[in-house]
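> Before I ask anything, here is the structure I am working with.
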Number of protein chains: 2
Amino acid sequence: MSADTPTAGVLALLFDVFGTLVDWRASVAREAERILAPLGHRLDWAAFADAWRAEYQPGMEEVRAGRIPFSKLDVLHRRNLERFAPRFGLVGLPDTVLHELTLAWHRLDAWPEVPAALARLKRKFLIAPCSNGNISLMVDLARRNGLPWDAILGAEVAGDYKPKPRVYLAACEALDLRPEQCMMVAAHSHDLASAAQCGLRTGHIARPNEYGPGKGERAPTVPVDVIGQGLDEIAAKLQA
Amino acid sequence: MSADTPTAGVLALLFDVFGTLVDWRASVAREAERILAPLGHRLDWAAFADAWRAEYQPGMEEVRAGRIPFSKLDVLHRRNLERFAPRFGLVGLPDTVLHELTLAWHRLDAWPEVPAALARLKRKFLIAPCSNGNISLMVDLARRNGLPWDAILGAEVAGDYKPKPRVYLAACEALDLRPEQCMMVAAHSHDLASAAQCGLRTGHIARPNEYGPGKGERAPTVPVDVIGQGLDEIAAKLQA
């Protein structure tokens, strides 16, 4: 890659995971149906997944604002579940069912091109998630989908949640790299804008159906260094 | 495995790395010669490696005792190098040489049976290093030797150094496991004694030549749950 391209000098790729690499919506809907349908519940499973995800940012904001100590995402997912579940008529669910539902987030499927594209990128770059998901969740997704991470970085290692600068910077520091030697790859412009403010390079993947058909970012709304319709296109553009 | 064996219920294996999985002595000696011989230095390279390693525990003790904030092992290795190098007549080495020497610890070779045995163990257990080495060092060793870690855990994630209990417990917690669901595997009885005090299961690997011929632990000096002459024997005993 020529020295004057914006991606020259990049040695590591850091990845957002939920939505960027895995289809949380269809996977959570499937898991919820698998767990709750046998108990007699009949819901709009995709709406259930959407409602859970809608609690995601408010839940993390409690940590980011310092109102509660850092808690891993599994703990927030569980709390968020108990918050919105009554709206779906789910009351008095046993603890075991709530726990099993919370683990739905450990069983998300990757978008189809992701495992092969990550393996390809790993030949040229260090690769690590820089997700708000906790370490055990990332490990389970990696095992399920064959994601060949060099290390699991992100919120739990940093002790705070994106888009706080500490999370991006801690990932760079763990790899002994300067921010400009790292590229954050995500399907969400707000994540990339925050990474860019920390000095990282940025790559945007279009996931136009992340929140349902046509309800996802088709293109970035902020300046980025590279864009792709999928991770394979990012790999091609990075000459991996 | 029957429920009454001491290793029943173990879901994850946590590994010491220096000496247990990699031959730091021969590797550091080789790297030091590669870097320093072209500059005209003629040393006893194995003695140089031994002298560096001898500074290892005192260096970490500064952190464990709270006299200095947590610093990653690369930083301690560099400081220790500058401390003992004059004894070998190495004075006034340029910063670039000191830096390159420090990175010798990122280029250690695994004992021969380790990569295949780890791959075998990964089919049955979660596997992660629980080393005092920093994340980037562990990543480089993994890439060099093909160590298929699920995650990089240990001192840098915990923010302290073994044998402080926090390091073992942070590794278990990162995997959402109780201590008794994790086994610490090491070639050093003091490491295993500390892990056992935290409630972890323990496995000892004999590395009788770690510090030179006949200068390593041939057998544990404390009670452990499983022993092996190599990691392949541990894998066989764990029915992996």
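> For every helix of n ≥ 4 consecutive DSSP H residues, a contribution of -39,500 (n - 2.57) applies; sum these over chain A, divide by its total residues, and give [θ] at 222 nm rounded to the nearest 500 deg cm²/dmol.
-12000 deg cm²/dmol
> Using a simple spin-label model with points 7 Å from Cα along the Cα→Cβ vector, what separation in nm is obtained for B:Ala54 and B:Leu39?
About 2.1 nm, to one decimal.
> Still on this structure, please answer the following. Can you give me the relative contact order of chain A as a percent, contacts being Cα pairs under 8 Å and 6 or more apart?
It rounds to 24 percent for chain A.
> Expected output is a single nm value to one decimal: the length gained when fully extending between A:Ala119 and A:Glu180, i.e. 0.36 nm times separation in residues minus the C-alpha distance. What is it?
The A:Ala119-A:Glu180 span can extend by a further 19.7 nm.
> Just to confirm the numbers: A:Arg218, label point 7 angstrom along the Cα-Cβ line, distances to the other copies in nm, shortest first?
Ordered by increasing distance: 7.4 nm.
> Rounded, prolate or oblate, given the Cα gyration tensor of the protein assembly as shown, with a/c below 1.5 counting as rounded?
It is oblate, given that a/c is not under 1.5 and a/b is not larger than b/c.
> Now, a different point. Picking from B:Ala37, B:Ala29, B:Ala110, which is most flexible by a Gaussian network model of chain B using Cα springs under 10 Å?
Its mean-square fluctuation being the largest, the pick is B:Ala37.
> To continue, here is another question. Please compute the average number of Cβ atoms from other chains found within 10 Å of each residue's Cβ in peptide A:170-182.
Partner Cβ neighbours, averaged per residue: 2.
> Return the subset of B:Lys162/B:Lys215; A:Lys237/B:Lys122; B:Lys72/B:Lys124; A:Lys164/A:Lys237; A:Lys72/A:Lys164 for which the Cα-Cα distance in this structure is over 24 Å, preserving the input order.
A:Lys237/B:Lys122; B:Lys72/B:Lys124; A:Lys164/A:Lys237
> Follow-up. Starting from region B:95-147, pick out the trypsin sites (Lys or Arg not before Pro) whose DSSP state is loop and whose Cβ has at most 12 other Cβ atoms within 10 Å.
Passing both the DSSP loop test and the Cβ count: B:Arg123.
> Moving on. What distance in nm lies between label points placed 7 Å from Cα along the C-beta direction at B:Arg218 and B:Arg107?
Inter-label distance under the simple model: 3.4 nm.
> How do A:Trp45, B:Trp105 rank when sorted from fewest to most other Cβ atoms within 10 Å of their own Cβ?
Final ranking by Cβ density, sparse to dense: A:Trp45, B:Trp105.
> Another question about this same structure. Return a whole-number percent for the relative contact order of region B:26-106, with Cα pairs under 8 Å and 6 or more residues apart as the contact set.
38 percent
> From the square roots a ≥ b ≥ c of the eigenvalues of the alpha-carbon gyration tensor of region B:124-175, which class results: rounded (a/c under 1.5), prolate (a/b over b/c), or oblate?
Because a/c hits 1.5 or more and a/b fails to exceed b/c, region B:124-175 counts as oblate.
> Follow-up. Could you list the trypsin sites (Lys or Arg not before Pro) in region B:187-224 that lie in coil according to DSSP, counting only those with at most 16 other Cβ atoms within 10 Å of their Cβ?
B:Lys215, B:Arg218
> If we count other beta carbons within 10 Å of each Cβ, what is the order of A:Leu177, B:Leu108, A:Leu81, fewest first?
Final ranking by Cβ density, sparse to dense: A:Leu177, A:Leu81, B:Leu108.
> Quick one: net charge around B:Leu103, please, counting Lys, Arg +1 and Asp, Glu -1 for every other residue with C-beta under 9 Å from its C-beta.
Local charge sum for B:Leu103: -3.
> Here's another thing I want to ask about it. Rank A:Asn80, A:Val91, A:Gly59 by how far each Cα sits towards the positive end of the charge dipole of region A:25-106 (+1 on Lys, Arg Cβ; -1 on Asp, Glu Cβ) and give me just the farthest.
So the residue we want is A:Gly59.
> Let me ask another. Within a 10 angstrom radius of each residue's Cβ in A:118-130, how many Cβ atoms of other chains show up on average? Whole number is fine.
Partner-chain Cβ atoms within 10 Å, mean over residues of A:118-130: 1.
> Still on this structure, please answer the following. With 10 angstrom as the radius, rank A:Thr221, A:Thr102, B:Thr7 by how many other C-beta atoms surround their C-beta, starting from the fewest.
If I rank by nearby Cβ atoms, fewest first, I get A:Thr221, B:Thr7, A:Thr102.
> How high is the relative contact order of region B:1-57, given as a whole-number percent (alpha carbon pairs under 8 Å, six or more residues apart)?
26 percent
Laboratory data are not the source of any read-out in this text; all were calculated from the coordinates shown. All values derive from a computational prediction rather than experimental measurement. Cβ sites come from the backbone with ideal geometry, for glycine too, and all protein chains shown count toward neighbours.
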